[in-house]
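The values are calculated or read from the model by the stated rules, or taken from the named source; none is laboratory data. Just so you know, these numbers come straight off a predicted model, no measurement behind them. Note that we place each Cβ from the backbone using ideal geometry, even for glycine, and neighbour counts take in every protein chain shown. Side chains are part of the model used for accessible areas, which takes the heavy atoms of the whole protein and leaves out ligands, DNA and RNA. Shrake-Rupley method; radii C 1.70, N 1.55, O 1.52, S 1.80 Å.
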Amino acid sequence: MCIYLGDEESLTYHNREHIFPAGLGGVQMLPSGYVSDQANALFSPLELQLMHNSTISINRAMEGPGKRGSLNPKHATESEIYKYTTEDGMIELAYIKSGISNSIPQLHIYLQNGDLQFITPKTEIDYVESFNSFSQAMKNFSNRFVSIKINELKDTKIIIGYWKKKYYIAFSDMIHIGNYLPKINRIFQNSAIKNVKSHNTHGTFEIPIKEDSATYRVYAKIAFNSLAYLKGLDYVMDSRFNKIRDAIIGKTNITNLVSPPISSPKIFPPSAHVCIFNNVNNKLIGYVCLYQAFSFAFEMSTWDTARDHSSMPLGYICDWQNKKEYSIEYWIKHIANNQI
């Protein structure tokens, strides 16, 4: 029986669910039969938003891990493409990877005088070769692009970027970009680029963060997964968990409680993800702390003294930097014995 969808008809269990998402470095999975393939499919787009657009996405791009939890620098996570302002005030399109800013190949079109400036990241590729590759890609431009509104550009400039087979166009609210699309391809048929340069300077990003019910559902799912792993299938299938279960699958609204950060995070491994459960006013509250920087809290159920009380703290740790996971009880016992 699926801990999220119950005994709905035609559920399958070919795959297993990570307690903490693999994209955050989660290794341990719930036993087979706990989470259905259908529930996994429901959560997949929510986790993608968490990885790429939430508060957590910045820490992931700065610290890691990379794709599917990899610690290999070759697989380091790239952030989305954002507005980036260099030390000299130049506005560019760039991303973060392993804590380093990287400009993407991009053409700046100055609308008032028709000047063109091509900017490419510092690589071993010759700048002219880089532009030729960019120009070839632009010849296949079909008016499908990711729009990035940058008010500071006003009506003086458009930035066109190309990265990982996607086109990006940055413009201000004052520009009707559709009026310029027919002209873009013509630029590359007979263009005279006045400036070709590279940038790899210090600067600042303007990063839009999206935290909403979708990301809160993933945080709450981490707490519920942890509870299922620590206490077992029969425990979490109790009807007192129906409220949080329905919120996680999107049947009802979910609430991130206003709460203090998890106390004494420094006792845990550096940057580890932690989930802790406490009794607060006779409610079982689940706290999720990611990168020891961001805490979220959810009411899991009413408190059941007979089933919930324990002599040791109830919780789970994902030490993603060392690819290890363990209960807080295990962690505390081994700290006491100086074994960790």
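Pairs exceeding a 21 Å alpha-carbon distance, out of 74/97; 231/324; 83/166; 97/139; 74/323: 97/139. Of all segments of the chain bounded by GluC sites (Glu not before Pro) found in a DSSP loop with no more than 11 other C-beta atoms within 10 Å, the longest spans 125-340.
Kindly provide the pair-distance distribution of the range 281-340 built from C-alpha pairs, with 5 Å bins from 0 and whole-percent values in order of increasing distance. Over the range 281-340, the share of Cα pairs per 5 Å bin runs 4, 14, 19, 23, 19, 13, 6, 1 percent. Taking all protein chains into account, the per residue accessible area for the range 33-124 stands at 43 Å² (1.4 Å probe).
Where only DSSP H runs of four or more residues are counted, the chain gives -8000 deg cm²/dmol as its mean residue ellipticity at 222 nm, each run worth -39500 (n - 2.57). Share of carbon and sulfur in the accessible area of the chain stands at 49%, probe radius 1.4 Å. Phi angles of the range 15-32 translate, via the Karplus equation with coefficients 6.51, -1.76, 1.60 and θ = phi - 60°, into HN-Hα couplings of 10, 10, 9, 6, 5, 9, x, 4, x, 9, x, x, 10, 5, 10, 6, x, 4 Hz per residue; Gly and Pro are given as x. Take every Cα-Cα distance within the chain, group them into 10 Å bins from 0 onward, and report for each bin the whole-number percent of pairs it holds. Going out from 0 Å in 10 Å bins, the chain shows 5, 22, 26, 19, 15, 10, 3, 0 percent.
The trypsin sites (Lys or Arg not before Pro) found in the range 137-167 that occupy coil by DSSP, while having at most 11 further C-beta atoms within 10 Å, are 139, 144, 164, 165. Extension gain, residue 38 to residue 279: 0.36 nm times the residue separation minus the Cα-Cα distance gives 83.6 nm.
Taking 138, 300, 174 in turn, the Gaussian network model of the chain (Cα-Cα springs below 10 Å) assigns the largest fluctuation to 174.
Note on residue 240 and residue 128: with the Förster distance fixed at 51 Å, the Cβ-Cβ geometry gives a FRET efficiency of about 0.15.
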